[in-house]
Each structure stands twice: as structure tokens, then as C-alpha cells.
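The structure appears below as C-alpha cells.
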Amino acid sequence: MSDFIVMIVSVSVVLGVMILVHEWGHFIVAKAFGVRVEIFSIGFGPRLWGLKKDETDYRISALPLGGYVKMAGDNPLEDRKGDPDEFLSKPRWQRAVIAVAGPATNIILSIVIVSGLYMRGTKQPAYLDRPMVLAGVLQDSTAQKSGLAAGDHVVKINGVSDPTWDRGQLELMSTLPGHSLSLVVERSGQEIPISVPTGPSLEDIFGYPADRLLIGAVTPGMPAERSGLQAGDEVLTVNGKALASGAEFPPIVAQSQTKPLNLEILRGDRKMLVVVHAQQVNVGNGVSRWQIGVLRSGELVERRLPFGAAIVESVGMNSLMGRQIVYVVIELFRGNISLKQLEGPLGIARESGRAARQGMAQLLSLMAMIGVNLAVLNLLPIPPLDGGHILLL
């Protein structure tokens, strides 16, 4: 299947499901309050097929992207009879609850999706559950410029005490570009406050933890494959020097240029010596980098949470995503963020296609994130949105 078709199908599924669930929230609460729902449509445009049950026409429409609910008497510009089962005949609090139900259903579904992913279990870096002790910092990185150094123990981040690397990653995700993270690090028995601006990656912001260097994949035709490296190999030393983390490997490759890299590797229970010469690779926009053609990995562990813990983790993750969206909206109104920095429909389609190719778990994760976006943005006090209706009520 071509990338274009994968992209179209995946974005239709992701947006379609989340919009459909949003409308189902309005529908189910409206029915509970005795509002007559005239149409519940999957998709938009001309009616292709449907089934009328009681007063509701359940239909499938031509454009399969989301759906809508048409309630009796929900448009004040149309003639209405004033029947008790019309939307505008209901008390204001009921109409407000119906308006809130759509975003609330999106949030509930996002919590359920993320909880399911936590319960199903995924492989994650082993260091994520460890305390934030820095094995080192990258040269000229944000961490180094901010004053962080190897051996530092981050004991507080944004007011959270004793954070793990996982918590640090979540705090980074919820901090907008242009803002800073507030750290307290323990160094030689002293606690030192440090402010670190946000940056492109966890390694750039915080430095890196101690971790093994494993080869996750080998690129066909590149030096690593020609030298005999294989996926699953563990690199023990480079030119006789042991590495504290795989994060130290790319700079060593870049500095080696045409010089040989003598890698001591562990394959199964057997140690081997492999010699690799890096080559320059065009990575786009006229930029070249020295690479050997491997996808590095670290030690991975299976993380599977029980039901209660999965719900708690999911609520926390969704809260962080919601908070980040609120920050983005505030910064947009302040003029600190340009609309050009935000993803539009094409960006969502591109990310949906990429997630679909990576697997169902990634697609569901994207769906949960979009669900939270849809919920928060629909609660903005703008008249066409649910928040606008609530404000008017």
C-alpha cells in the first residue's frame, strides 16, 4: 500500500473516530435529557444509507470524516414549535451539560486508550524508572551551557521531588518552546538551583543517563553492515574506551571522520572486534554528517501496569497534554507563538501515516493526543465551539 493511501486511511480513522465519539457524547446526553435527536450521522454530506429508529435517522453520509448530531430546535434562527423535547426548551444547565458532553467523551476515550496501552505493556528504556543521575552532558548542549555536569543528581524538577527520567521527559513534553525548566541538582553534597531552557531532546536538555549501547538496526549498504555489525550487538568499547551511554557514540563517529573505529562488541556470549570507517551522509538541506549506518538502542524492559496504576498514569499523562494545549493557546493570544508553528490538517495526516506504519500502539497514542486537543480546543469560549455555547448560556 502506498504511503499516500496509508496517510489518507489513517487520518480518516484517527480524526473520524475522535469526532464521531465527540458527537456521540452530545447524542447520548441529549437523549438522556429527553431531547429529540433528528439525525445522527457518520460522516458529512449527502445521505448514502440509513436506518430510522423512533425519531432519529441514523445515517451514513458521503464524506467519512467524523459526523454530526442534529437536535430538534437547536438553531434559534429556525422556526420552532416550542415542544418540550426541543433543545432550546430545556433548562440552561441541561443544555450546558449537553455541550460539555462532547469534549468530556473525548477526554474519557483518551484516558481509556492510554490506560489500555499501559496495561498491554510496551518495551521502554530501562533507565526511565531510575533517578535522574547524569552520566554526562553533550558538548555545546543546552544542559552544558546551563551548568549541568556529569554526576549531577536532579532532586527536583518544576517542584516535583525525586523525579525519574520518565518524569523528566513528561515535564519536558509539557513545557513550551521558549520557556525554562526549574531544576535543583545535588552536587558534592550541595543543592544547586539551575534553570534550563527547553530544547530539541531529552539528551540536549538534561544530559544522559548511564545506559548500554545496543545496535537496534543496521542500514543496508552502509559501513556498519559491510563491517559485519548486526542488530542486537552490544558495543562495549570504542577505540579501547568504555562508553557510559549510547549518547556518547554519535559525537565519536562524527569526530572520527575517515579514521577507523575499533569497536569491541558482545554478540550473544562472544566478544568480537569490529573495525568500521564512517562515511559522509547527506541528511537534507545540504547538511552532511559522518555516520556508520546504525540505529542505536539502549537496554529495554517490558513495562506493564495493573488496572489501577494504568488509570492513574493515564490521567496524569492526559492532564499534562491538556495543560500543554492550554499553554499553547495562551501563548498564541500573547503573540509568543506563531500559527505557522502549529500542525494543520496536512501535518495531522502526515503524523497519522507515520504512526500507522509504526504500529497500532503508535496510532492509538496519536488518537489519544488528538482527542485531548479536540476536547480542550472545543471548550474555548468562541461562539461556533462548545465553549462558546456554554459561555452564552
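The values are calculated or read from the model by the stated rules, or taken from the named source; none is laboratory data. Because the structure is predicted, anything quoted here is derived from the model rather than measured. Neighbour counts are summed over all protein chains in view; Cβ atoms, including those assigned to glycine, are modelled from backbone coordinates with ideal geometry. Each accessible area value is taken on the protein alone, full model and side chains, heavy atoms only, with ligands, DNA and RNA left out. Shrake-Rupley method; radii C 1.70, N 1.55, O 1.52, S 1.80 Å.
Key figures for this structure:
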item: Residue within the range 75-82 that is out of contact with any helix residue (DSSP H, G or I) (no Cβ under 9 Å at 6 or more places or on another chain) and surrounded by 15 or more Cβ atoms within 10 Å (Cβ to Cβ) present; result: no
item: When residues of the range 184-200 are limited to those that are in contact with a helix residue (DSSP H, G or I) (Cβ under 8 Å, 6 or more places away or on another chain) and among the β-branched types (Val, Ile, Thr), the one surrounded by the most Cβ atoms within 10 Å (Cβ to Cβ); result: 196
item: Residue list for the range 1-50, restricted to those being of a type in the set (Val, Ile, Thr), open to solvent by less than 70 Å² (accessible area, probe 1.4 Å) and touching a residue at least 40 places away in the same chain (Cβ under 8 Å); result: 6, 11, 13, 14, 17, 19, 21, 29, 35
item: Candidate set from the range 151-170 (those that are in contact with a strand residue (DSSP E or B) (Cβ under 7 Å, 6 or more places away or on another chain) and touching a residue at least 40 places away in the same chain (Cβ under 8 Å)); member that is nearest to residue 245 (Cα to Cα); result: 152
item: Residue count, the range 201-210 (criterion: open to solvent by 30 Å² or more (accessible area, probe 1.4 Å) and closer than 18 Å to residue 299 by Cβ); result: 2
item: Answer residue from the range 235-251, given it is touching a Phe, Trp or Tyr at 6+ places or on another chain (Cβ under 9 Å) and in a loop (DSSP other than H, G, I, E, B) and is surrounded by the fewest Cβ atoms within 10 Å (Cβ to Cβ) among those; result: 244
item: Hits in the range 212-234 - residues which are among the hydroxyl-bearing types (Ser, Thr, Tyr) and crowded, with 16+ Cβ neighbours inside 10 Å; result: 227
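Quick grid of which residues meet (1) outside any loop (DSSP other than H, G, I, E, B); (2) among the polar types (S, T, N, Q):
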residue: 93; (1), (2): yes, no
residue: 107; (1), (2): yes, no
residue: 144; (1), (2): yes, yes
residue: 149; (1), (2): no, no
residue: 154; (1), (2): yes, no
residue: 170; (1), (2): yes, no
residue: 181; (1), (2): yes, no
